[in-house]
1. Taking the Cα centre of the chain as the origin, how large is its charge dipole in debye, to the nearest 20, when only Lys and Arg (+1) and Asp and Glu (-1) carry charge on their Cβ atoms?
2. At a threshold of 8 angstrom on Cα-Cα distance, excluding pairs fewer than six apart, so keeping six or more, what relative contact order does the chain reach in percent?
3. Which entries in the list LYS7/LYS193; LYS87/LYS193; LYS91/LYS196; LYS7/LYS43; LYS43/LYS144; LYS23/LYS43 go over 20 Å, if you measure between the two C-alpha atoms of each?
4. Starting from the residue with the highest accessible area, list LEU99, LEU214, LEU8, LEU39 in decreasing order, probe 1.4 Å.
5. So what's the angle, to the nearest 10 degrees on a 0 to 90 scale, between helix 3-23 and the longest Cα principal axis of the chain?
6. Write down the radius of gyration of region 142-189 and its Dmax, each obtained from C-alpha positions, in Å.
7. So in region 44-245, what percent of DSSP beta bridges are antiparallel if you round to the nearest 5?
8. For a quick check of understanding: with a 1.4 angstrom probe and all protein chains in place, what accessible area in square angstrom does ASP148 have, to the nearest ten?
Amino acid sequence: MTEARVKLIVDDIVEAVRDVLRKHKVTFPEYRAGFFHLLETAKSGEMGLLIDMLFNQTVCDIEMQSREGTRFCVEGPYFLEGAPEVKDAIKLRGDYEPLLIRGQITSTDGSPLNDAVVDVWFADPDGFYSGFEDDFPIEYCRGKVRTDADGHYSVQASVPGEYPITRERHGPTGQLVEMLGRQGWRPAHVHFKANKDGFRSLTTQAYFEGGNYLDNDPVEAVFDDLTHATTQEDGTRVLDVNFTLDPA
Ligand code: BEZ
Ligand code: FE
């Protein structure tokens, strides 16, 4: 990002916020209340959560104006570089229901993409992400899988828990969600980030048809084309998710 672009955008953000202060004749005590709320959010380590909750999907919508293929959707604050490459199965924890996640990655012209790398990450059944909790190392509930010669990938995972942005789990951010009159639970979802040389990186999510909170996601990131029915195969639940990558 160039310095000129930083200046352009930050100048406009500052002006937009000042316009809101003037429009609502914000008092000094109100200003300080907001100031301390943001400080508390930062102290609680929730700044990423707050910013992604409010703005990540907007940037994804902008991204979609200039790309083809599968819908780009929020990365959220829980992606980690350095997840282990996994062959068939991701390490799991908790009282989980197994979920086989599989699919095919193709280019926008329909040709299968071999050797694409897909980061897959999801919450455990209690809605926790690995790498962000003590005793929950990043080898769990996340991994990189590679497509075969026909562009197929397949990995054993678990049905993710719904994710709470609630006062009980997240102090200041949960409190803000309540004050905004929103419910705080994200529907159960699986995150993906697919990379292949010569193609634009794709970050997206998959939701479960019939799941809770699909109509009132606090992050506003649920779309019909990202919501999938699962099937049952040999007693295991299966989520088929195909991706189409946009040539760079
Ligand atoms: C998530 O996908 O888990 C997430 C996204 C944005 C804010 C908080 C959580
Ligand atoms: Fe998530």
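The values are calculated or read from the model by the stated rules, or taken from the named source; none is laboratory data. Remember, predicted model here, so these are calculated numbers, not experimental data. Because the Cβ atoms are built from the backbone with ideal geometry, glycine has one as well, and the counts that use them run over all protein chains shown. Heads up: the accessible areas ignore ligands, DNA and RNA and are worked out on the full protein's heavy atoms, side chains in. Shrake-Rupley method; radii C 1.70, N 1.55, O 1.52, S 1.80 Å.
1. 800 debye
2. Once normalised by length, the contact order is 22 percent.
3. In this structure, LYS7/LYS193; LYS91/LYS196; LYS7/LYS43; LYS43/LYS144; LYS23/LYS43 lie more than 20 Å apart at Cα.
4. Of LEU99, LEU214, LEU8, LEU39, the descending order of accessible area is LEU8, LEU39, LEU214, LEU99.
5. Roughly 50 degrees, rounded to the nearest 10.
6. Using the Cα atoms of region 142-189, the pair Rg, Dmax is 17.1, 51 Å.
7. Antiparallel bridges: around 70 percent, rounded to the nearest 5.
8. ASP148 exposes around 70 Å² with every protein chain in place.
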